[in-house]
Structures are given as structure tokens and as C-alpha cells.
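First, the structure itself, so that you have it in front of you.
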Amino acid sequence: MALSLSTHRHNIFVLSTSKTIAIGHGRTKSRRADSMVVKLAVAYEEGQLKRPKWGGETPLSRLVGALISFKPLSALLKLGARQVLISTAEKNNIPWREMRREILESDVYKEIESIQNPSIIYPDYYLNPFHAYDEGNLSWLAAAEAEPATMSIARRAMPNASSPEEANQVMRGNWLQAIQQHHLQHSGNSMISDILDIGCSVGVTTRFLADNFPLAKVTGLDLSPYFLSVAQFKEKKRAPRKNPTNWIHANGEDTGLPSKSYDLVSIAYVLHECPERAIVNIVREAFRLLRPGGMLALTDQAPESKILQVCFYFCYIYLV
Ligand SMILES: C[S@@+](CC[C@H](N)C(=O)[O-])C[C@H]1O[C@@H](n2cnc3c(N)ncnc32)[C@H](O)[C@@H]1O
């Protein structure tokens with residue numbers, strides 16, 4: 001199918017409010033949204049969410065469910081899973097523990113005061129344990145490990161890259177190339193002046209955007225003040241930019257930002273972490289924030305997952 005285009009098993013979508021869609025990595029294709037997205041929506045309805053063998057309603061899945069709900073055992077399983085994750089990353093030349101230590105032993109803690117929005121109300125899903133962290137994304141440990149975790153994703157997606165850095169460059173580079181190509185083809189000579197990166201985490205995507213669009217004002221937005229603190233801390237360590245990046249602690253479902261104020265909204269590797277309701281709200285909010293002719297750039301893993309099918313469907317609704 002036209003969408004399964006990635007050598008890196010991720011899909012990239014660049015959509016614009018001028019009713020075109022570009023899909024690609026390297027070889028970007030673009031067509032009218034009303035014909036293309038209908039095909040996507042239909043084709044994706046045929047897809048199945050891939051589940052592990054113990055998923056679903058089988059006796060094995062019920063046994064696994066019962067074992068996981070037994071707290072001491074689930075704590076042990078989580079610990080084991082984390083250790084496997086870290087040792088796999090380190091075997092792949094990602095210095096996980098060193099990167100974590102660098103953050104945890106730094107002055108990062110000072111940043112949270114200027115970033116945290118005390119009146120934020122977290123959505124329920126965000127308060128659940130996540131990625132084997134009891135406080136989900138709301139902890140310094142999760143924030144200190146977010147960048148090595150991102151590098152592990154890139155490494156898995158680009159197994160032939162010669163280093164984790166190259167894997168990240170290629171994965172992010174493909175995404176930027178799709179954005180730039182789409183912009184050239186569909187936005188005439190218009191400038192990209194304002195960019196919003198929703199779910200920016202510790203700012204990896206945001207930095208790529210700021211490096212590639214140095215004339216634009218770039219804003220990273222996330223629900224975790226810990227992740228944003230790391231993002232701001234890392235940004236302060238590098239040479240100052242002409243347009244410093246702005247970090248906002250807000251919910252991407254309802255940012256409170258003015259309508260039609262961005263030329264590019266990026267949502268990179270965020271939606272697979274969100275329930276359907278949040279996906280719909282985040283996509284709706286992104287379209288509200290875009291200027292006429294602006295672009296929505298989505299990239300995520302698991303192209304066949306049901307959750308992304310939902311996302312395509314809602315993009316379709318907003319485009320036609
Ligand atoms: C996997 S990380 C994204 C990584 C980053 N965009 C990148 O490309 O490296 C997913 C991020 O989405 C954020 N997130 C999840 N739900 C959100 C929401 N409703 N509003 C804002 N950020 C959200 C999480 O806090 C997390 O930082």
C-alpha cells in the first residue's frame with residue numbers, strides 16, 4: 001500500500017490546510033487530499049492492530065494479565081524489562097546510563113521553576129504509570145532517560161546506520177525532507193515564520209526544526225515540565241540562536257494559543273502514546289492553530305496500528 005513507505009518502519013505525513021497531502025520519506029508523493037486520504041482511510045480500515053501472541057482474549061492472555069496484576073511480580077517484570085532495554089541500548093553504543101547521569105547530576109532542576117504551569121490539569125491517561133515509570137512522564141528519571149530512549153527508537157528503525165547519531169540523523173532527516181519538499185511544492189514562496197512542536201519531549205525534534213528553519217520562531221510544547229526542563233537546559237548549553245526556542249508547558253489537546261498563528265505544526269512520535277480521544281483533540285487543535293496554507297507534519301511508529309488509523313481518519317475529516 002502507498003503508505004507503507006518507510007525503510008525505517010515509520011510513516012511521515014505532511015498535510016496542509018490547502019487540501020493537499022504529502023506522504024513520504026525521501027521519495028515524497030503528493031496528491032489532492034480528497035482522493036488520497038479517502039484511499040488511506042479505506043485502506044487502513046482493512047488493517048489490523050498487531051498484538052503480541054499473548055494479547056487479546058485467549059487463556060494465555062488471561063494468565064499474563066493475572067500475573068501482571070500481581071503487584072510484586074509486575075514490579076519485578078518492569079525492572080527486568082528496563083534492564084533489558086538499557087543493556088540493549090548500550091550494546092548498540094547508546095551510553096544510556098552515562099546520559100542519564102549527566103542530566104541527573106546537573107543543574108537541570110533549576111529550570112522547572114520558569115517552565116512549570118501550576119494551573120495545568122493533566123488528562124487522566126497522563127497520570128498513569130508509563131514506560132515502566134511509576135509517575136509516567138512526570139519524573140526526573142523519565143526526563144533523564146528520554147533522549148537515550150529516543151536514540152534507541154532511531155537505532156531500531158535504522159539498523160544499518162553506522163552509529164546511533166547517524167540513525168537519528170537519517171530518521172529525522174527523512175522527516176525534514178518530506179516537510180521541505182511539501183513546502184516547496186505547495187506553499188509557493190511563503191515563509192515558515194512560526195513553528196509549533198506539540199509533544200516536544202526533551203526537544204530532539206524541536207532542535208532539528210530550529211536548526212533547519214533558523215529564521216523561524218520555534219516553540220516546543222509538552223505536558224511534562226520535567227521533559228521541558230531538560231529541553232531548556234540542553235538548549236542553554238549550546239550556542240545561542242538568533243531566534244531562541246520557546247518552551248511551553250501545556251496540553252496539546254487545548255493549548256490556549258491563538259488560532260491561525262503557526263505555519264508549521266509538528267507532531268512527532270506523540271500519537272502512539274495517546275488514547276483516541278486525545279488524538280482527536282490534538283489533531284483538531286493543530287488545525288485550529290495553523291494559518292491558511294500552513295502544514296501539519298505527523299510522523300510516528302507502528303504504521304499499522306489502529307491508533308494511527310484513527311489519526312488518519314480525523315486528518316481526513318479536517319481536510320475535506
Ligand atoms: C515519544 S515523546 C515525543 C518525542 C519527540 N516529539 C521526538 O520526536 O523526539 C511523546 C511526548 O508527547 C507528550 N505528550 C503526550 N500527550 C500530550 C499532550 N496531550 N499534550 C502535550 N504533550 C503530550 C509526552 O509528554 C512526551 O513528551
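The values are calculated or read from the model by the stated rules, or taken from the named source; none is laboratory data. None of these values were measured; they are calculated from a predicted model. Neighbour counts run over all protein chains shown; Cβ positions are idealised from the backbone, glycine included. Quick note on the areas: whole protein, heavy atoms, side chains included, nothing else; ligands and nucleic acids left out. Shrake-Rupley method; radii C 1.70, N 1.55, O 1.52, S 1.80 Å.
Rounded to a whole number of µm²/s, how large is the Stokes-Einstein D of region 125-276 at 10 °C and 1.306 mPa s, given Rh as the Kirkwood radius over C-alpha pairs?
97
Kindly write out, for region 84-99 in residue order, the coupling ³J(HN,Hα) from the Karplus curve 6.51 cos²θ - 1.76 cosθ + 1.60 (θ = phi - 60°), rounded to whole Hz, with x marking Gly and Pro.
These are the phi-based 3J(HN,Hα) values: 5, 4, 5, 5, 5, 4, 5, 5, 8, 6, 9, x, 3, 5, 5, 5 Hz.
For Gly293, enumerate residues with amide H under 5 Å from its amide H, sequence gap 5+ or separate chain, H modeled in the peptide plane.
For Gly293, the qualifying residues are Thr17, Ser18.
Radius of gyration and Dmax for region 244-298's Cα atoms, expressed in Å?
For region 244-298, the Cα-based Rg and Dmax read 11.1, 33 Å.
Here's a follow-up. Residues with amide H under 5 Å of Asp197's amide H, sequence separation 5 or more or different chain, H placed in the peptide plane at 1.01 Å from N; which?
Residues meeting the amide H criterion: Thr219, Gly220, Leu221, Ser266.
Moving on. Per residue of region 152-165, what does 6.51 cos²θ - 1.76 cosθ + 1.60 with θ = phi - 60° give for ³J(HN,Hα)? Whole Hz please, x for Gly and Pro, Karplus curve as stated.
Working through the residues one at a time gives 5, 4, 5, 5, 5, 6, 10, x, 8, 5, 7, 7, x, 5 Hz.
From the phi of every residue in region 134-140, what ³J(HN,Hα) in whole Hz does the Karplus formula 6.51 cos²θ - 1.76 cosθ + 1.60 yield, where θ is phi - 60° and glycine or proline is x?
4, 9, x, 7, 9, 8, 5
Can I ask one more? Treat every Asp and Glu Cβ in region 134-269 as -1 and every Lys and Arg Cβ as +1, leave all other atoms uncharged, and give the resulting dipole magnitude about the Cα centre to the nearest 20 debye. Working shown, then result.
Details: 12 positive and 14 negative charges, 109 e Å.
Computed charge dipole of region 134-269: roughly 520 debye.
With a Förster radius of 45 Å, plug the Cβ-Cβ distance of Arg97 and Asp254 into 1/(1 + (r/R0)^6) and report the FRET value to the nearest 0.05. Show your work: numbers first, answer last.
Working: r = 37 Å, r/R0 = 0.83.
Calculated value: 0.75.
Here's something else I'd like to know. Rounded to the nearest 0.05, what FRET efficiency do Lys78 and Ser163 have when you use their Cβ-Cβ distance and R0 = 41 Å? Don't jump to the answer; show the numbers that get you there.
Details: r = 29 Å, r/R0 = 0.72.
The computed FRET efficiency comes out at 0.90.
Quick one: accessible area per residue over region 93-176, 1.4 Å probe, rounded to a whole number of Å²? Mind showing how you got there, number by number?
Working: 4470 Å² over 84 residues.
Result: 53 Å² per residue.
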